[in-house]
Amino acid sequence: MKGMLDISIDNIEKIINTSDKEIQFLQQSLVIEEKLDGTKLNVIRNNNDFDFDDFINNFIISYKKTILYPEEHDYLEHSKIKRESIGNAQYKLVMDHFKKINPHLNKLPKNTEFFIEFLMNKPTLTRDYKDKHHMVLLGYSDTTYTEKNGIVESEPLSFEIDRNQEFADLLDIDTPNIILSGKIFPYYRLEQSILDKKFYDIVRQHTFTNDKHQFITEFKKCLLELESKYGGKSEGVVIRYNDTILKVVQSDQYDKETRFKKKLIHQMDPDDENKYFLELKQIGKELIKDNKLDYRKKLKELANTIYNGKVTLPLHTKKTILQVSEDLFHVCKYLLIKSLPGNNVALFIGRLQPPTKLHFEIIRQGLNDFDDVVVAIVKGTKSERILNPFDFELQSEMLHEEFPDLKIIQSNTGNIISIMNKMNINVVLCGSDRVESYRNQLKNNPEIAVIETKRDEDVSGTNLRNALKTKNKSEFKRNTDPSSYKFFDILVKEINEKVKSFDKFLKL
């Protein structure tokens, strides 16, 4: 699916996990830079001829595919945003920055996507920098994109950093802070390679040995003692050498309890918090109904109504008026996007091992009734793979045989909320066995409908897999769509190889 460039980084422990790899690692010339904890913005220099007067004609700026516009928070002052905001109002600082520097950006190449970390104040971020609201260029890529109804879908080709400093200078933003460039072993040569004085001072206070494993352990401690360039404890570091990228992060960076405690600063008890957001959605529904303005004009009208006190806000005991206002604006924008023509999108979730006749029926009906359908194929843990023998590529090929343009994504969870957070969804499609579970998951999202397709008890994935294991072609055809008949031999081979592999594993 578009916009899914993987820029995730492995922990050093996952890769440097043997004595041979430790020795090899210590022989490398490394670049170590600070890793930052912010929100990831995608900024696309589009294909338009450069407009020196209006930056929005040159750039598409988005967060999680939702396009940001300058008129969204027109009525707020920078000082108030910096002092109080814990949400999207902070993106006004980004918009105003691009507006200011736009005349100097004509040298940026067209059809280029920039990946930018924005250090904002947000309850879901673990680190709390003293000097916030900086933008940091992580990398860039040639890209293609489609822009429609407030959503941008992009296909970046790669993740490049060679021209980072050049582009960052043009954008007048930072690049990641370089901590060290050179070899780290033995420690007494570090003076030749250290670029960061504070880190050098930390290193000199530690005792190192020639034991390679102990050296790496001690060196990681040094890295995590370093204060961030922006004040406060750093998230960790990114280590680059050759074509390898690794990370070392603080022990609490992904700790659920740490994040939960931070969220509680601005959250009421769960029942009151749920009531609050349901009330916001009801107010938002009223504010966007009978909308006859174009999308951007409606956003400006909503900003005027909400931020200038022209609507009664719900009570929140742990948030200021500004924070409640930006919650309401965020909800209104979310509902408005869903209401736009072309954005009535349905989601279908399943393991599809392999796709049954019912799966095809649900997708076919969804494509007939809605603007689009997204299929999320769930891939569980390795221990579940014997029950799910077919890989994502084969499943996608089977679906595309009947639906060539179908959007298909891979998900490591069947949780609707987690999947919805990555895309715009109005409806969830399912068989009878999933209706109650899905409606329970969506109890705080009444704007998302659950639409049931009655299940044929004689058709199932279990029947299909059994038919493939026994090479029963007639039973296979009874349980699947005609477009899948051609895959019979491939599926038989795949499932029986997996069964043999699993049987061999059990005998070990």
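Residue under question is G342, and the condition is that it be assigned to a loop (DSSP other than H, G, I, E, B) and over 28 Å from the mean Cα position of the chain (by Cα); does it hold? When the stated conditions are applied, G342 does not pass them. Of all residues assigned to region 380-396, none qualifies as being outside the structural domain of I67 (by TED's automatic domain parsing), of a type in the set (A, V, I, L, M, F, W, C) and in a strand (DSSP E or B). Restricting attention to region 407-443 and to residues that are touching an Asp or Glu at 6+ places or on another chain (Cβ under 8 Å) and of a type outside the set (K, R), the residue that is farthest from D458 (Cα to Cα) turns out to be N426.
Looking across region 472-486, just one residue is surrounded by fewer than 20 Cβ atoms within 10 Å (Cβ to Cβ), in contact (Cβ under 8 Å) with a residue 24 or more places away in the chain and in contact with a helix residue (DSSP H, G or I) (Cβ under 6 Å, 6 or more places away or on another chain), and that is S483. Listed by position, the helices (runs of 4 or more DSSP H) enclosed by region 215-325 that each have at least 3 residues that are over 25 Å from the mean Cα position of the chain (by Cα), outside the structural domain of S29 (by TED's automatic domain parsing) and surrounded by fewer than 18 Cβ atoms within 10 Å (Cβ to Cβ) are 270-288, 295-307. One residue stands out among those in region 261-296 that are touching an Asp or Glu at 6+ places or on another chain (Cβ under 7 Å) and more than 15 Å from K338 (Cβ to Cβ): the one that is modelled with the lowest pLDDT, which is L293. All of V238, V203 fail the test of being closer than 18 Å to V31 by Cα and modelled with pLDDT under 90, apart from V203.
The set of residues from region 322-356 being at pLDDT 95 or above, farther than 30 Å from H266 by Cβ and of a type in the set (K, R) is empty.
Restricting the search to strands (runs of 3 or more DSSP E) fully inside region 1-83 and requiring at least 2 residues that are of a type outside the set (D, E, K, R) and under 16 Å from T143 (Cβ atoms) gives 39-45, 59-63.
The values are calculated or read from the model by the stated rules, or taken from the named source; none is laboratory data. None of the values given here were measured: they were computed from a predicted structure. Every residue, glycine as well, gets a Cβ built from its backbone with ideal geometry; the counts of neighbours run over all protein chains shown.
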